[in-house]
Amino acid sequence: MILEILPLLVWPIVASLVIAGIHAYLGLHVVERGVIFVDLSLAQIASLGATLALLVPSLGGDPHSPAVYWMSLGFTLIGAAIFSLIKGHEARIPQEAIIGISYAVASAAVIVAMSKSTGESEHLKDMLVGNILSVQPDEIIKTGVLYVVIGVFHYVFWQRFLLISTDPKAAAARGMAIRFWDFLFYASFGVVVTRSVAIAGVLLVFCYLIVPSVGAMLFAQSIGARLAIGWVMGVIVSILGMYFSVEFDLPTGATIVCTFGAVLIAMAAARVVIPRTKAQPV
């Protein structure tokens, strides 16, 4: 049965490799910054931009048109700019509060906008859980190229991004322009989220970002070890979730999300008997 299903999962598995690779890295920063729901918020803002684009008659109402993507990205970059200006350690209003409010308002706005569209429930379902099984090779190639560019950008400036994420006070003491680098981080993060949501949906993208990082933190302290564990976990869980989806005729995105939750619980249980690595953070 596995051999019969495997050909159906080749491209979705490749897509999961691409998405898990960059989201596991970005998830480390998000967890260190303590802005856990920034992914959900930016993803929902991206969905709002896409939804509004679908309602513009001149754009044709095609969810896969370039206009929908660019409008979605524009909304995401606006959200990134707002989040970069609100720093939890400096502003009177906590950054997480702004992120939560943005998520709630964007979610409500999507529902309101979708109420004026035909196929309302189907659009909402696609935005939440996506349909990674239907991903096409050209989508994966474009996404992979984009993520390589973002990855190179973060590799060049990784020390700055890591210092701001782990010790913003030390970064400020060195004279770094915190808000400027925060905007670059959230903007690049937003580009990734906008693309990933179009393939996998809001909930699955959130899981790719947070769950592997949290699972890795159970067993490792160093950034390198956490990245390795996160990547392996993301890939294995994706394959398992897709297999369960096809084998038992379940919705793919939701099944992978539930598989992430089950595997994280199993890892937490295993943590009781398996000691964490002794490596120091880098």
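Just one of (1) exposed (fewer than 14 other Cβ atoms within 10 Å of the Cβ); (2) part of a loop (DSSP other than H, G, I, E, B); (3) not basic (K, R) trips up Q221, so point out which.
Only one criterion in (1) exposed (fewer than 14 other Cβ atoms within 10 Å of the Cβ); (2) part of a loop (DSSP other than H, G, I, E, B); (3) not basic (K, R) is unmet by Q221, namely (1).
Results for (1) modelled with pLDDT of 90 or more; (2) within 15 Å of V31 (Cα to Cα), shown as yes or no for each residue.
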residue	(1), (2)
V193	no, no
I199	no, no
V211	yes, yes
M233	yes, no
L240	yes, no
L250	no, no
P275	no, no
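Looking only at the stretch 167-191, how many residues end up being outside any helix (DSSP H, G or I) and either modelled with pLDDT of 90 or more or of a type in the set (D, E, K, R) (or both)?
Residues of the stretch 167-191 outside any helix (DSSP H, G or I): 167, 174-177.
Checking the rest, the ones that are also either modelled with pLDDT of 90 or more or of a type in the set (D, E, K, R) (or both) come to 167, 174.
Within the stretch 167-191, residues that are outside any helix (DSSP H, G or I) and either modelled with pLDDT of 90 or more or of a type in the set (D, E, K, R) (or both) number 2.
So if I check each of G261, G230, which one is assigned to a helix (DSSP H, G or I), exposed (fewer than 14 other Cβ atoms within 10 Å of the Cβ) and in contact with a helix residue (DSSP H, G or I) (Cβ under 8 Å, 6 or more places away or on another chain)?
On the way: G230 fails: exposed (fewer than 14 other Cβ atoms within 10 Å of the Cβ).
Exactly one residue qualifies, and that residue is G261.
Could you count how many residues in the stretch 194-239 are among the hydrophobic types (A, V, I, L, M, F, W, C) and more than 14 Å from A15 (Cα to Cα)?
Initially, the stretch 194-239 is screened for residues among the hydrophobic types (A, V, I, L, M, F, W, C), giving 197-200, 202-207, 209-211, 214, 216-220, 223, 225, 227-229, 231-233, 235-237, 239.
Checking the rest, the ones that are also more than 14 Å from A15 (Cα to Cα) come to 202-203, 206-207, 209-211, 214, 216-220, 223, 225, 227-229, 232-233.
Within the stretch 194-239, residues that are among the hydrophobic types (A, V, I, L, M, F, W, C) and more than 14 Å from A15 (Cα to Cα) number 20.
Please go through (1) under 21 Å from H154 (Cβ atoms); (2) at pLDDT below 85; (3) of a type in the set (G, A, S); (4) surrounded by 14 or more Cβ atoms within 10 Å (Cβ to Cβ) for G34 and return the number of the only condition it doesn't satisfy.
Here G34 meets the rest and fails (4).
The values are calculated or read from the model by the stated rules, or taken from the named source; none is laboratory data. Quick caveat: nothing in here was measured; it's all calculated off a predicted structure. So basically every Cβ, Gly included, is an ideal-geometry build from the backbone, and we count neighbours across all protein chains shown.
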